Structure formats: structure tokens, C-alpha cells
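Notes follow once the structure below has been shown.
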Amino acid sequence: MDLEKRLLDIVAGERMTEKDFEQFYKYGDILALGRAACMVRDRRYPDGVVTFIIDRNINYTNICQCGCRFCAFYRKKNDPDAYVIDEELLYQKIDEAVELGATQLMIQGGLNPGLGLDYFETMFRNIKQNYNITLHSLTAPEIMFLARKEGLSVKEVLQRLQEAGLDSLPGGGAEVLHDEVRHYISPRKIKSEEWLDVMRSAHQIGMKTTATMMMGSVDQ
């Protein structure tokens, strides 16, 4: 395959195939790929403005009952290094982020049975009262976990969090939206359709969301 010619075809509008992806991944020139991506972006957004967000990821707890196979982060409640962040450390981390120009916080953590919806409502309200910052926080598995714990619908949980200051949902927990893969790498995590249902519910109340994909486990 003539990779240079193929890259020009893709920039011109042809869809990248699975074989293209594999060849570019193995043999492509990273600078040429970057230039091609910029060309496509500039065609889609011709005003010449490129934006980005400075944010900080803050983990409020590492206690999690999910226990995904790929995760080195989670701890059991009685593990010596298990924690729930205290308010002083939380604000210290936010202060550091703001001083470095952050305009957004991504607060997420484990599925901790000891933390209810009121914990997050209080946290978000206090942050919003003290900082002019966007809260892009809590993944779909965390939202579903809270809904089941509190006996509420996903939409009810999202509405209460939105009222407390939550602005948008990050895409964590999507991993690969294919249930055979999910069953192997994270058998206790919500299914693909449940992840999508959380995002649909968020969109219904005017909340924006993102999505992430974790490649390279057992997916093909």
C-alpha cells in the first residue's frame, strides 16, 4: 500500500478502512498523520480557531466494588491505602489547578457503597460556591451505581446533581461498548446499553457528555 497516496485520499474525504488503520498504526509517519488530521479539522472548522480545556482529574475515592480486570486503581474498604478524599485535600487540589489556569474539574472515583447521592450534592454545591469552574464529573457507571443505591431513576439522579452544580458527564466507563469484551474485562460494570441510557438521560435534561474508548485489551 502506498501510504502517502492513501492518506491523501482519506484527507480528500474517503473513509478510513480497518486495513488502513492497521497500516498507518504500524508504518505511518506520525508527523504526516498529524498534518492530515489538521487538514481535516481545518476543513470542518475553517475559522482557524483551535480550542482546548485545561482541567484536573481528581479522584475522590479509590474504594470500588467493581474490581475490573484491567484496573490497578481500586481498593477494598479495609485495604491500608484505601481512601475517601477529605475536604482540605480536595480544595488544595482545586486551588493548584486554578493557579495553573484550569477551568474545569473532572472528579471521579470508585463505586464506593459508603458514599450516597448527598455526598456528591454537598461536594458540588460547595465547589460551585467557592470556585468559578466547570464540573465535568462522574462517569456513567457512577451515575447508575448511585441510582440503584438510592432507588431513584437515572434521570432523577442527574437532575439532582445538575441542580447541585454538575455541568457535564465524562465518558469514562465506556471502555469498549461491546458486551463480550466488557464481560471479560469488567464483568461487574454496567452493560453497553446501560452506559448509553445514562448518556441519553443526560442529553434529555440538556447536559452535555463525552465518550472515551479504551483500546488494546481483548478487543479486535
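The values are calculated or read from the model by the stated rules, or taken from the named source; none is laboratory data. As the structure is a prediction and not an experimental result, all values here were calculated from the model. Cβ sites come from the backbone with ideal geometry, for glycine too, and all protein chains shown count toward neighbours. To get the accessible areas, we keep the full protein, side chains included, count just its heavy atoms, and leave off ligands, DNA and RNA. Shrake-Rupley method; radii C 1.70, N 1.55, O 1.52, S 1.80 Å.
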Most fluctuating residue given options 79, 29, 179, as computed from a GNM of the chain linking Cα atoms under 10 Å: 29
Eligible lysines near residue 5 by straight Cα distance, threshold 16 Å, same-chain separation 8 or greater: 19
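Relative contact order for the range 61-173: what is it in percent, counting Cα pairs under 8 Å that are at least 6 residues apart?
Numbers: 137 pairs, mean separation 30.3, N = 113.
The value is 27 percent.
Using the Cβ atoms and a cut-off under 10 Å, what net charge is assigned to the surroundings of residue 167, where Lys and Arg are +1 and Asp and Glu are -1? Walk me through the intermediate numbers first.
Details: positive: 128, 208; negative: none.
Computed value for this residue: +2.
Please calculate how many Å² of accessible area the chain carries per residue, with a 1.4 Å probe and no DNA, RNA or ligand atoms counted.
Details: 13480 Å² over 220 residues.
About 61 Å² of surface per residue is accessible.
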Quick one: P(r) of the range 92-220 from all Cα-Cα pairs, 10 Å bins, percents rounded to integers, in order of increasing distance. 12, 42, 32, 13, 1
Nearest 5 is fine: what % of DSSP beta bridges in the range 56-174 come out antiparallel, could you say? 10 percent
The chain, Gaussian network, Cα under 10 Å: of 97, 32, 174, the residue fluctuating most is 32
Looking at the calculated P(r) for the range 116-178, what percent of the C-alpha pair distances fall above 14 Å? 56 percent
By accessible area of protein heavy atoms, probe 1.4 Å, what ranking do 35, 200 get, highest first? 35, 200
Rank 156, 180 by accessible area, highest first, at a 1.4 Å probe radius? 180, 156
For residue 155, list the lysines whose Cα falls under 21 Å from its own Cα; do not include residues on the same chain fewer than 8 positions away. 189, 191, 208
Show log10 I(q)/I(0) for the chain at q = 0.07, 0.13, 0.18 Å⁻¹, two decimals, from a solvent-free Debye sum over equal Cα scatterers. -0.29, -0.91, -1.30
Taking the alpha-carbon centre of each part, the distance from the range 1-74 to the range 142-202 in Å is 24 Å
